[in-house]
1. Along each of its three principal axes, how wide is the spread of alpha-carbon positions in segment 166-206, in whole angstrom units, largest first?
2. How big is the Kirkwood radius of segment 113-206, worked out from every pair of different alpha carbons and given in Å to one decimal?
3. Extending each Cα 7 Å along its Cβ direction at TRP127 and ARG32, get the distance between those two points in nm, one decimal.
4. Over segment 140-206, with every protein chain in place, what whole percent of the accessible area is carbon and sulfur at 1.4 Å, could you tell me?
5. Let me know the shape class of segment 65-134, please: from the alpha-carbon gyration tensor, a ≥ b ≥ c as square roots of the eigenvalues, rounded when a/c is under 1.5, otherwise prolate if a/b is greater than b/c, or oblate.
6. Would you mind working out the accessible area per residue for the chain, using a 1.4 Å probe, and quoting it in Å²?
7. Between (i) 19.6; (ii) 24.8; (iii) 17.2, which matches Kirkwood radius over Cα pairs in Å calculated for the structure shown?
Amino acid sequence: MSVVFTVALTLLVSYLLGCFNGSVMTSHFIIRDDVRQHGSGNAGLTNFYRTYGARYALCVIICDMGKTVLACLIGGYLMHWVVGDWTLGLLIAGIGCELGHMFPVFFGFKGGKGVSSTCGVMLMTFWWQALICYVITIALIAITKFVSLGSLALVVLFGILVTATNWGNWLVIAWVWVIAGLCIYRHHANIGRLIHGTERKIGQKA
């Protein structure tokens, strides 16, 4: 296979895997409902939790992180097989899976905000930086009760850590800020509410 074809195949496969949105699938096949018809209308873990509680939230997390791990493994093997670069495959698959999660063709391009899938991508690419970000994010959410603030801090801190530890590798630096930028973009409404003091905290009713 040619390099261009392999890159395109990796993007396509990872995008399609990313389209299998955990919130939508769990609400549809297990709860027999559509999470997008409730709350904020977003197909993400936070809206799912606020709508249905914690009972099936683990299913959403497993689905969203699991598909990301699978996509990265496939991407890694494909690129390693063709060009001998496992890491490049992980990076390409991570981007594809993120796009699929946020803009799924199966669900009218209305997906989640990418936090669960981003956690999977982080773990598969730069694991120790990811673990640091997880701990700080959990602590921040516990203190502030704002999931959106913690999510934004997660991707920004990950970008900073990956940049600092991969200085000079401009491909990796560009990649990590594209990942962070996508997640920040999907949180633009939350950012506005945080600025105006109208963002809901954990457990706070609409």
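The values are calculated or read from the model by the stated rules, or taken from the named source; none is laboratory data. Note that the structure is predicted; figures quoted are calculated from it, not measured. Neighbour counts run over all protein chains shown; Cβ positions are idealised from the backbone, glycine included. Side chains are part of the model used for accessible areas, which takes the heavy atoms of the whole protein and leaves out ligands, DNA and RNA. Shrake-Rupley method; radii C 1.70, N 1.55, O 1.52, S 1.80 Å.
1. 45, 18, 14
2. 13.7
3. Placing both labels 7 Å beyond Cα along the Cβ direction yields 4.2 nm.
4. Carbon and sulfur together cover 69 percent of it.
5. Judged from the Cα gyration tensor, segment 65-134 comes out oblate (a/c at least 1.5, b/c at or above a/b).
6. Averaged over the residues of the chain, the accessible area is 49 Å².
7. (iii)
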